[in-house]
1. Only residues of region A:61-81 count here: report those whose backbone N is under 19 Å from the spot 7 Å along Cα→Cβ of A:R212, or say none.
2. What spacing in nm lies between the two simple spin-label points modelled at A:I284 and B:L35, each 7 Å away from Cα in the Cβ direction?
3. Hey, fewest Cβ within 10 Å first, where do A:C33, A:C223 land in order?
4. Taking every residue in B:79-91, how many Cβ atoms of other protein chains lie within 10 Å of its Cβ, on average?
5. Restricting to Cα pairs below 8 Å that are 6+ residues apart, what does the relative contact order work out to for chain B? Please round to a whole percent.
6. Between B:L177 and A:E179, how high is the FRET efficiency from 1/(1 + (r/R0)^6) when r is the Cβ-Cβ distance and R₀ = 56 Å? Nearest 0.05.
7. So how far apart, in nm, are the two label points at A:N41 and B:L220 if each is 7 Å from Cα heading toward Cβ?
8. Just for the Cα atoms in the protein assembly as shown, what are the lengths along the principal axes, largest first, rounded to whole Å?
Amino acid sequence: MTQSFAVETKALVKRYRSVLALAGLDLAIEPGCFFGLLGPNGAGKTTAVSILCTLLRPTSGEARIFGSDVVDERPAVRPHLGIVFQDPSLDTELTGRENLEIHARLYRLSERGTRIERMLEQMALTRDADRRVAALSSGMRRRLEIARALLHEPRVLFLDEPTVGLDVHARRSLWERLEQLRGSGLTLFLTTHAMDEAARLCDRVAILNEGRVVATGAPQELCQQVGGDHIELELDRPEEALPLLRTKPNVQDAWIEKRTVMVKVKHAPTELVALIEELKPQGIRAVRMREVNLEDAFVHFTGHKIDTAGNLE
Amino acid sequence: MTAFVSDVMTILRRELLRYGRERAFLLAQVLLPVLAVLLIGLPAGKLGQDLHYASYLGAGILMLTITSGAIGGGYTLIEDVQRGFLRSILVAPISRTSIVVGKILARLLLSLLLVITVGTVLAFFTDIGLAHPLLSLGALVAITFGFVALGILLATSLRRTESFRTVAVFVTLPLYLLSGMFFPIETFPRVTYLLALLNPLTYGVDLFRYGTIGVHELPLVADGLVLLAFAVLMTALAARAFERRLAG
Ligand SMILES: Nc1ncnc2c1ncn2[C@@H]1O[C@H](COP(=O)(O)OP(=O)(O)OP(=O)(O)O)[C@@H](O)[C@H]1O
Ligand SMILES: [Mg+2]
């Protein structure tokens, strides 16, 4: 290993009795990268995060954080980690501020008071900081967990499905907050099955399915690999258009839905102009297009559809 | 080493913050022994020529408070695992030992506080005092370690942690009854007397009673050795069970 990756795994395997949760995971994440691990329920995301956070022993293979092994060099790894677990992990009997105070001491931070105030401010928690965590809404608790994970300025931030249960505003403000951290050197390791979140935040993603990476790259690259933008045309004489479209090499598919002509092409923005020229004689009334998105790519690579709760359909 | 101490202090701080939220419960722990001595101990009169039953019972009940508190303290460690909080501590750059030591120290501090408070109140109408303060302290430390460990063992061995309280009562009640907390074990029938000798708590109660009112039934050396073995063995067993639980 010449250059040290922020996160690196080689042939990482985790087996729970009969379940093979990770079947040879290979990852190499550059420092400063915002990385997304995507996958349906049970794909092995949380298992990967637990191993990387030194909480779970892999069955075989190795994993390193900035060059330090997560099993053999735990003391070197731990100070660099910031984590928001998928399940709540605050002390609900203490107040938000007390939770941060204990955390700050565990990481032996200096200037605890100012750091805590600043973090509370940034997460919009100042007003509720002295209430017992048990009395906070689940969105507030989530923000508090994030505040705690960032308090000691970790080099790698793990967020295991951080926006589940957050309202639209809280989701966006978290994204904005993370956006501000981009370029500060922080490496983000995000797991999610919200594809809009991954597309918006991540420089690179890996799609995990049944413990294996089935695709990896920038979200745009994955979309292009899959292809399949849709162009919808409302025409005066739609029947005439179909035979014409089917002869064209760049058209992957064409059909009629509710009197609208649907055309599947590899890359809509470049095909659109030619298509409009071609179909002018059939009387175009309206044109719409939808580019392929990460969700299409996800469905393509995992062979599943996913609902908003992350369950396979 | 200084890092270890400061980590232990942090865990201790958190525990004390939590205990501070349970004032009603703490008050009950103070009132119960006082009431027991007032209502049951004092009216019962004398046990021997110089020994009032109130003094005898007072020392026993103090031990009872410490023991049950310690078991509850052990349980909170597993509660932390279940509620997810412990993970946030386990990923921090601190040792696992400091977590357990911090927990036990918190309980120890609380027990000490309780003994001093209740002991001071009881001193006004019984003979409870500082006959041999170091020996009382020794009994208190050993019993706290042993029973915090027992709490951890019980909680880790249960599938459903919610049943902890029921099971704890089931396990501890015989230990209490067969320990000479309430009556001298000399008065026990033969079989129960032998059972009492197998009960490590008997030796804790005996040593503690000697430490507070200067009366004992068993050889003090036996008390000391049994308690030491009990505390060490239980702590080792609990540490192993806890490690296993963490490994999943
Ligand atoms: N402690 C465990 N014991 C046994 N099997 C487990 C354990 N934890 C996870 N698994 C199994 O490992 C597989 C991967 O689980 P994991 O929690 O890593 O998935 P995930 O991708 O995080 O899913 P989700 O999106 O639902 O959070 C699943 O089949 C799960 O049942
Ligand atoms: Mg998960």
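1. Under 19 Å, as judged by backbone N against the label point of A:R212, lie A:61-62 of region A:61-81.
2. 8.6
3. Ordered by Cβ neighbours within 10 Å, fewest first: A:C33, A:C223.
4. What the average comes to for B:79-91 is 6.
5. Relative contact order, chain B: 25 percent.
6. Result of the calculation: an efficiency of 0.30.
7. Using points 7 Å along Cα→Cβ, the separation is 6.5 nm.
8. So the three principal-axis extents are 120, 48, 46 Å.
Bear in mind that the values in this text are calculations on the coordinates, not laboratory data. Everything numeric in this text was worked out from a predicted model, so none of it was measured. Because the Cβ atoms are built from the backbone with ideal geometry, glycine has one as well, and the counts that use them run over all protein chains shown.
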